[in-house]
Amino acid sequence: MQVAPPSHDLLVHARTMISIIMGLSLARLLNGVAGLIQHPKREHLWWPHLCWVLYMMVSITAFWWWQFQLSELRVLTFETYIFLIAEAAMQFLLCSVIFPTEISEYDGYGDYFMSRRAWFFGLLIVSLLMDILDTLLKGLPHFLGLGPEYPIRIAVMVGLCLAACFILSRRFHTLFAGGALIYFAIYVARHYGHIQ
């Protein structure tokens, strides 16, 4: 296995690839929102769907911002590079599930989202587990610096996402979407507000 020191050029290259994928992810969400604004009567809106749209916007922004911490890596291997690209690609897949190119066969976004909930929450689980590995890549001190709230947050979200794959109750999904968005936005504001 070839190990390359994380030179400035190598880090810029990795960040550039991540930025391209994150830009596509954000563009997917913004195009979807723009379509809702342009044609508000075309599709039936469902506010839990919009909560997950905002959740993903916060997630993309936090992921993109926090990749400045790549400079803390002692080595940047090809395997690490592939992992980071896969983690960014997972964000794009989540955005694509939230805003498909066409939902005319469904009765609005509520009907669409509920029919694809297992895909969305399954991908979200994978993304959350990848986040643990990403955090550990930045070093154990960084991981421990996030405190016990971080692993508890991941465990609770994974459990709720697993439940959401099977639960059909729109009340549950409404509470989950709203609660997840509010908590995650506060969490990001508290922990990701600056680069250490």
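The values are calculated or read from the model by the stated rules, or taken from the named source; none is laboratory data. Computed from a prediction, not measured in an experiment: that's the story for all the values here. Cβ atoms come from the backbone with ideal geometry, glycine included; neighbour counts cover every protein chain shown.
So here's what we get for this one:
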| item | result |
| --- | --- |
| Residue, farthest from residue 138 (Cα to Cα), within segment 76-93, restricted to residues that are in contact (Cβ under 8 Å) with a residue 60 or more places away in the chain and in contact with a helix residue (DSSP H, G or I) (Cβ under 8 Å, 6 or more places away or on another chain) | 92 |
| Residue that is modelled with pLDDT of 95 or more, basic (Lys, Arg) and surrounded by 16 or more Cβ atoms within 10 Å (Cβ to Cβ), where the choices are 117, 170 | 117 |
| Flag if residue 154 is surrounded by 13 or more Cβ atoms within 10 Å (Cβ to Cβ) and not polar (S, T, N, Q) | yes |
| All positions within segment 4-39 that are exposed (fewer than 12 other Cβ atoms within 10 Å of the Cβ) and modelled with pLDDT under 75 | 5, 7, 8, 9 |
